[in-house]
Amino acid sequence: MAAPAELVRLLDERGWTAEPPTAHPMSGVSESRWVLPEHLVAAARALKEAGYFYESLTCVDRLDPQGAFELVLTFARWDAPARIGVRVWTPKDTPVPSLAGVFGIAEWNEREAWELFGVEFSGHPKLRWLLLPDGTEFRPLLKSFTAPPPSIYDDSLTAPASPDDRTDPDTHG
Amino acid sequence: MTAQTPTLTAEPLDTYTLNMGPQHPSTHGVLRLVLTLRGEKLVHVDPVIGYGHRGHEKMAENRTYAQFLPNTSRQDYLSGVIYNNAWCEAVEKLAGIPVPERALVARVILAEFNRLASHLMWIGAYLLDLGGWTPQLYTWDDREAILFLLESVTGSRLTYCTGRFGGLSRDLDADFPARARVVLKKLKDRWQEYEDLVEGNVIFVQRTRGVGIFTKEQCQSYGVTGSSLRAAGVAYDVRKVEPYGAYPRFQFDIPTRPESDAFARYWVRVQEMKQSVRIIEQALEQLPDGPILTERGLGSKKRLKLPVGTQYYAVEAARGAYGILLVSEGGTEPYRAKFRVPSYANLAVMQDVMPGYMVADLVGILGSIDVIIPEIDR
Amino acid sequence: MGVVVPAGRPTDAELARLAEDAAPFVRLAMVEDVLNLCRANSLWPITFGLACCAIEMMATGMAKYDLARFGAEVFRPSPRQADLMILAGTISRKMAPVVQTLWDQMPEPKWSIAMGGCTISGGPFKYPGEYAIAEGAEKIMRVDVHVPGCPPRPEALIAGILTLEEKIKQGRRFGRTR
Ligand code: SF4
């Protein structure tokens, strides 16, 4: 049951997959499925047993009215061009079950999603800052994040706030 | 014993904590390891990362696709061409931009030269970590020859930005193949010297054999890729498993070794360099004529808009599988870009691998996996 | 001829003549100048790389560019043995306090070179709303020489070191002493 198609059929049969909440297509993977958060750990176990490794976790701030994140996990194999995308839709402030007990690398990936977006993971052994300095209050990768509080490390204390000089694509680049 | 009696049982008294880094000559940049030691034995290793965090992923959301190009080669600055190409290819794939044949092959040539330069740099730095100064002078000498060649095409020595959506910004000039062959010849003449200098060196062999062994379960659990995985006996190479660009046209082998120790990782990298030379030789033979950039001139089109979608694109970088997850909402900027960097997993596995070894082996193990810290921190 | 030293306490005129006679053979300079000359020609940089620029810093010390020609190749792993900090790479906000500590640990007299756009102003990573880096090394410490580039070529770094040597020889100290 190593082939991606068989594996996702298995996930479907066990009722672990969900209806897509958005219509965004995913490419670059052999198969992709939306999985309900409560079935995520079971699905990851099945993938691990089938010989897949945890490749990446991406959190996307979808700016949903209810404040939802999309988590995109990819799993790949060593012996065949098979990549499975597992997507999870999670409302803000609802913890997602942690995969740290299944895949070792999930621990770091989830810490990253927590510090950059504020996604909570239940059952994570150590949900602390990974890349940012300990104690950072803001969640920089949220779409609502505009600037960090002024500090001695940036020009905000010495120079007047500059207008958004986001480069015009036609004049710079 | 009353409730007020202070107890120290939380920490066993026979261990102590040692802080290594973030400024340490052997942590290859700005990695910090918090070591718990019992005597000379490592009990627990806790990598602390983030000292090179530069916010690439937030930047990607603030830049157009073309404006983000220079950032890619600053993630893993030792294999900048590969990352640069990967970004271009990911965008090309999502946007459906055709790439001329010549550009495909030229990308392979530049990328393999970059891989050679990266591995050479690693060999020098690793041997320096283990206490050998001389090999570094040799490998840097070879590396400079490659950089000189790359510079003649790309204009930069380290942070390349030649890739464009739909090809390359500059063409390989007419005498490039001849100059490239001179460099390859120089490298091939050096293999024997490296073997004599390094593999025959008793100190090197004794310090690397049997240390830092990864099991396959650890590799799967952490997603270890690249030479470290191949040294554990798994022939996983994105260039073979999911061929991209012009790679399917070339003959090359995936060197593997079953021992999974630091020596195996050294050996695999040296063999990989030989395979890279093989690929370049074939590519130089087959280099087609024609344009280097597609007619549509998308290489310079600033207002490139990508269709809505989520795209994963993987390549084999010098340190392992590099992946770009690109989310587009149809704008001129990525909605979200995530970089799956190989060093991330290769370093994380150290928490599991290191305990049990002597503290003196730590540098030998850490160096052998070839991590680039700013790539991990992004 | 030779210099004749008169007996007894010399008069001012005699002293002046003495100095004139000795001028071709004796250089009367302040000890500090001599020390500066020595310092300038044996800079000991700290082994300390932050990002991409560090690779070019290493290249400068290696076979082709050979920093040893200018007496600045003795990279010291410990800040307590170093007198030059080449800030090569991006200073992140997490790293900034560490850089500051390292700088404070280096004994005086000490100098620093900001190598690359990142340590000059934040370079490629500076944009409105940027949250991760210190926008230039000067936010946290004194910088003597700036070497622009991304990364600067080894020749540029060598030029920077030579500029610093000139500066040291002239005994000049700029800016804050922190
Ligand atoms: S100036 Fe450029 S090359 Fe140097 S550290 Fe910054 S990004 Fe890297």
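The values are calculated or read from the model by the stated rules, or taken from the named source; none is laboratory data. Since we're looking at a predicted model, the values are computed, not measured. Glycine gets a Cβ as well: all are built from the backbone with ideal geometry, and neighbour counts include every protein chain shown. Surface accessibility is based on the protein's heavy atoms, side chains included, excluding ligands, DNA and RNA. Shrake-Rupley method; radii C 1.70, N 1.55, O 1.52, S 1.80 Å.
Before moving on, here are some points about what is shown:
- Estimated inter-spin distance, residue B:34 and residue B:359, nm [label 7 Å along Cα→Cβ]: 1.7
- The stretch B:56-376 - accessible surface per residue (Å², probe 1.4 Å): 29
- Between residue A:38 and residue B:181, the simple spin-label model (points 7 angstrom out along Cα→Cβ) gives 6.9 nm.
- Entries of C:139/C:169; C:139/C:167; C:126/C:167; A:48/B:216 with Cα pairs more than 19 Å apart: C:139/C:169; C:139/C:167; C:126/C:167
- Between residue A:64 and residue C:169, the C-beta separation translates, for a Förster distance of 60 Å, into a calculated FRET efficiency of about 0.40.
- Considering helices alone, the calculated mean residue ellipticity of chain B at 222 nm is -13000 deg cm²/dmol, with DSSP H runs of length four and up weighted by -39500 (n - 2.57) and normalised per residue.
- Annotation for the C:A interface, with buried accessible surface near 1300 Å², both sides summed [1.4 Å probe; non-protein components not counted].
- Straight-line cross-link partners of residue B:338 among the lysines, defined as a Cα under 17 Å from its Cα and at least 8 positions apart when in the same chain: A:143, B:58, B:93.
- 22 Å Cα-Cα reach of residue B:185 towards lysines, excluding residues that sit fewer than 8 places from it in its own chain: B:274, C:64
- For the stretch A:1-146, the share of accessible area belonging to carbon and sulfur comes to 50 percent (1.4 Å probe, ligands and nucleic acids excluded).
- Seen from residue A:30, the other residues with C-beta closer than 13 Å to its C-beta sum to a net charge of 0, counting Lys and Arg as +1 and Asp and Glu as -1.
- The stretch B:200-222 and the stretch C:44-90 have Cα centres separated by 30 Å.
- Surface composition of the stretch B:56-376: carbon plus sulfur atoms contribute 52% of the solvent-accessible area (1.4 Å probe, protein chains only, all chains present).
- For the protein assembly as shown, size of Cβ-based charge dipole, Lys and Arg +1, Asp and Glu -1, in debye: 320
- Protein heavy-atom accessible area occluded, B/A pair - total, 1.4 Å probe, Å²: 4400
- Helical contribution to [θ] at 222 nm, DSSP H n ≥ 4, -39,500 (n - 2.57), averaged over chain C, rounded to 500: -10500 deg cm²/dmol
- Qualifying trypsin sites (Lys or Arg not before Pro) in the stretch B:49-111, where qualification requires a DSSP coil assignment and no more than 15 other C-beta atoms within 10 Å, are lacking entirely.
- Sulfur and carbon atoms: percent of accessible area, chain C [1.4 Å]: 60
- Cα-based Rg and Dmax for chain B, where Dmax is the largest Cα-Cα distance (Å): 22.0, 86
- At least 50 Å² of accessible area lost relative to the chain alone, listed for the stretch C:87-117 with a 1.4 Å probe: C:93, C:94, C:95
- Loss of accessible area when C meets B, both sides summed, Å² nearest 100, probe 1.4 Å: 3000
- Calculated [θ] (222 nm, deg cm²/dmol) that DSSP helices of n ≥ 4 give over chain A, each run adding -39,500 (n - 2.57): -5500 deg cm²/dmol
- In straight-distance terms, cross-link reach from residue B:305 covers every one of the aspartates and glutamates whose alpha-carbon lies under 12 Å from its own, apart from those fewer than eight places away in the same chain; here that gives B:92, B:329, B:333.
- Positive-end residue of A:146, B:18, A:109, charge dipole of the protein assembly as shown with Cβ unit charges: A:146
- Per DSSP, loop GluC sites (Glu not before Pro) in the stretch B:18-70 with at most 10 further Cβ within 10 Å: B:40
- Once both labels are positioned 7 Å from their Cα atoms along Cα-to-Cβ, the gap between residue B:152 and residue B:289 label points is 2.1 nm.
- Pairwise centroid distance, computed over Cα atoms, of the stretch C:125-146 with the stretch B:323-352, Å: 26
- Neighbour net charge for residue A:79 - beta-carbon separation under 14 angstrom, K R +1, D E -1: +3
- A Förster radius of 51 Å, combined with the Cβ-Cβ distance separating residue C:78 from residue A:137, puts the computed FRET efficiency at roughly 0.90.
- Trypsin sites (Lys or Arg not before Pro) within the stretch C:137-172: DSSP coil, no more than 14 neighbouring Cβ in 10 Å: C:172
- 13 Å beta-carbon shell around residue B:345, net charge (K/R +1, D/E -1): -4
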